[in-house]
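Below is one structure, written out as structure tokens; comments come after it.
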Amino acid sequence: MSPEYYRSAVRSSVAKQAVRKLGRLRHSGDGRLESLGHDFDRGHRDYVESLPEGERLWLRTKPFSAPPNFELATCLRTFAHVVEQLGLGLRAQVLDVGCGPGWMSEFLARCGYWVTGIDISEDMVEIARMRVARIPEQVGEGIDPVAEFHAMPVREMPWSDRFDAAILYDTMHHFDDELETLKVIHRTLVPGGTIYIREGARPAEGSESEQALIEEMRVRQTLESPFDPRYLLEVVREAGFEDVRRLLEVDELVAVDDLRQPFNAIGRFLRYRLGRGDINTVVARKPLGLEARTDTTNFSGRIESVGEWEDSSEPGEKLIWVEVTNEGRAFWPMAKAFPYPSGVVTVGPYMTDDAGERIELGRSMLPHGVSPGASARVLIRVPVEAALGEVRIDLVREGLAWFSELGSRPLVLRPKG
Ligand SMILES: C[S@@+](CC[C@H](N)C(=O)[O-])C[C@H]1O[C@@H](n2cnc3c(N)ncnc32)[C@H](O)[C@@H]1O
């Protein structure tokens, strides 16, 4: 049947149920695929019940299943991207928005993150709980897998300033008021927290893929309304996120003797640059806010030495381990490489000269991002001569401030005797 058939059917049904359904109509001009004006919240709630047993089994085993399995590689690759991009530490708080059957939540809990999954469907949440309950062992020495699940619509999430990261895997296109939804997710994140969105982009008008989505909406009564890439970036910014990036997946094995493959990859890259491409992967951060530059409640840390100066395998160098603890409200993003981007947290040893000026001794990166209340161990390296005198160790918000300027106390290491 033609899309016009569905559209006219929708028009007449909207006319009959105007008040209830008006709020649910999506118009194609606004950067997303138009809905059919149906009760999609109900469609999502009833979804699991409507499935044949084989598909319910998939929900319990996702992303694994006997072949053919069309999603395994995508799920595993995406999971690797999520872990890499977020760079979180042990017990980081992660929100899985629209967690569905909870495969992503389960994997995250197996990494030692503390997971909260929400989904509008009670049945999905039930499956997610069961999956985590079935993890047979601790996920590290003394570390249990931790995940809680709540059946609720995304816009009713009650939390503020709680999560270090929010992940939306294959869900954003189901949410009807995208701006409002993103503002709620923004509120749930700690300052500096990351949102990670990954799903299919809106297909071309009149394409087979568009037809398939319209058919899915008609049959399943769910909302299948993916985003134009540029519109998604716009609305993420409008919701208050910064450092908004659209990322292109390029991780595939390339035959070294086949020159077509790099050219194909460049072609894909250019399509994405032009705002096209079939996948929307968007990563963005909740800003720390201007007040965060001077506000000690956001940035405050404790630094303690772990042991004494040790000899290094590098000649002329001494080492010491320190433990840094995040005593503020903001997430500490890690640096991945030098030069360090503005806003990431590093550890900076220094000496002071006779005039009290800092003589810097080479900063160390955090091994992972550090959530409020969490700690990380960092190896500090200084020249042997420096270790003979007094060395101070402070945390640094790159490009913005030393933590001691915000009221935290640096660790002072004095020479023995
Ligand atoms: C395609 S599934 C993806 C689930 C999961 N992220 C995964 O990768 O398996 C989308 C999920 O979004 C949920 N959902 C749809 N609308 C929602 C809403 N308004 N609030 C919360 N969850 C919603 C659905 O119930 C469904 O489980």
message: Looking at the stretch 325-336, can you tell me whether even one residue there is of a type in the set (D, E, K, R) and surrounded by fewer than 17 Cβ atoms within 10 Å (Cβ to Cβ)?
response: yes
- request: Out of the residues in the stretch 50-102 that are among the aliphatic types (A, V, I, L, M), within 20 Å of the chain's Cα centre (by Cα) and farther than 27 Å from residue 252 by Cα, state the one that is surrounded by the fewest Cβ atoms within 10 Å (Cβ to Cβ).
  value: 90
- request: Would you be able to tell me the number of residues in the stretch 118-129 that are touching a residue at least 60 places away in the same chain (Cβ under 8 Å) and either more than 21 Å from residue 223 (Cβ to Cβ) or part of a helix (DSSP H, G or I) (or both)?
  value: 4
- prompt: Out of all the residues in the stretch 252-260, is one or more assigned to a loop (DSSP other than H, G, I, E, B), in the same structural domain as residue 198 (by TED's automatic domain parsing) and among the β-branched types (Val, Ile, Thr)?
  reply: yes
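Specify the residue that is farthest from the ligand (Cβ to nearest atom); the eligible residues are those in the stretch 110-132 that are among the aliphatic types (A, V, I, L, M) and either in the same structural domain as residue 371 (by TED's automatic domain parsing) or in contact with an Asp or Glu (Cβ under 8 Å, 6 or more places away or on another chain) (or both).
The first filter runs over the stretch 110-132 and keeps only residues among the aliphatic types (A, V, I, L, M), leaving 115, 118, 120, 124-125, 127-128, 130, 132.
Filter once more, keeping what is either in the same structural domain as residue 371 (by TED's automatic domain parsing) or in contact with an Asp or Glu (Cβ under 8 Å, 6 or more places away or on another chain) (or both): 115, 118, 120, 125, 128, 132.
Details: 115: 12, 118: 6, 120: 4, 125: 9, 128: 9, 132: 14 Å.
Among residues in the stretch 110-132 that are among the aliphatic types (A, V, I, L, M) and either in the same structural domain as residue 371 (by TED's automatic domain parsing) or in contact with an Asp or Glu (Cβ under 8 Å, 6 or more places away or on another chain) (or both), the one farthest from the ligand (Cβ to nearest atom) is 132.
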statement: If we take the stretch 339-390, then strands (runs of 3 or more DSSP E) inside it with 1 or more residues that are within 27 Å of residue 83 (Cβ to Cβ) are 345-352, 375-383
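Yes or no, residue by residue, for (1) surrounded by fewer than 12 Cβ atoms within 10 Å (Cβ to Cβ); (2) over 30 Å from residue 160 (Cα atoms); (3) more than 24 Å from the chain's Cα centre (by Cα):
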| site | (1), (2), (3) |
| --- | --- |
| 306 | yes, yes, yes |
| 359 | yes, yes, yes |
| 368 | no, no, no |
| 371 | no, no, no |
| 405 | no, no, yes |
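Scanning for something over 26 Å from residue 42 (Cβ atoms) and within 16 Å of the ligand (Cβ to nearest atom), does the stretch 206-229 turn up at least one residue?
No, there is no match, as no residue in the stretch 206-229 is over 26 Å from residue 42 (Cβ atoms) and within 16 Å of the ligand (Cβ to nearest atom).
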Considering residues of the stretch 173-199 that are more than 9 Å from the ligand (Cβ to nearest atom) and of a type in the set (A, V, I, L, M, F, W, C) only, the residue modelled with the lowest pLDDT: 190
message: Suppose the filter is among the aliphatic types (A, V, I, L, M) and away from the ligand (no atom under 15 Å from the Cβ); does residue 86 pass it?
response: yes
task: Check the stretch 108-117 and report whether any residue there is in a helix (DSSP H, G or I), buried (at least 23 other Cβ atoms within 10 Å of the Cβ) and not β-branched (Val, Ile, Thr).
output: yes
- request: Would you point out which residue out of 325, 281, 296 is in a strand (DSSP E or B) and either without any contact (Cβ under 8 Å) to a residue 12 or more places away in the chain or outside the structural domain of residue 362 (by TED's automatic domain parsing) (or both)?
  value: 281
query: Taking interchain pairs and intrachain pairs at least six residues apart, which have beta carbon atoms under 7 angstrom, with the first residue in the stretch 29-52 and without any contact (Cβ under 8 Å) to a residue 60 or more places away in the chain and the second more than 12 Å from the ligand (Cβ to nearest atom)?
result: 37/10; 37/13; 37/14; 37/21; 37/25
query: Hey, any hits in the stretch 272-285 for a residue that's surrounded by 15 or more Cβ atoms within 10 Å (Cβ to Cβ) and at positive phi?
result: yes
field: Boolean, residue 246 is surrounded by 22 or more Cβ atoms within 10 Å (Cβ to Cβ), basic (Lys, Arg) and not in a helix (DSSP H, G or I)
entry: no
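Residues checked against (1) at pLDDT 50 or above; (2) farther than 27 Å from residue 235 by Cα; (3) within 16 Å of the ligand (Cβ to nearest atom):
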| residue | (1), (2), (3) |
| --- | --- |
| 2 | no, yes, no |
| 13 | no, yes, no |
| 23 | no, no, yes |
| 31 | yes, no, no |
| 38 | yes, no, yes |
| 50 | yes, yes, yes |
| 53 | yes, yes, no |
- request: Output the residues belonging to the stretch 96-132 that are more than 22 Å from residue 49 (Cα to Cα) and among the hydrophobic types (A, V, I, L, M, F, W, C).
  value: 107, 108, 109, 111, 114, 115
message: Go through (1) modelled with pLDDT under 90; (2) in contact with a helix residue (DSSP H, G or I) (Cβ under 8 Å, 6 or more places away or on another chain) for residue 351 and report which single condition fails.
response: (1)
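The values are calculated or read from the model by the stated rules, or taken from the named source; none is laboratory data. It should be emphasised that the depicted structure is a prediction, and the values quoted were computed from it without experimental measurement. With ideal geometry, Cβ positions are generated from the backbone for all residues, glycine too; neighbour counts draw on all protein chains shown.
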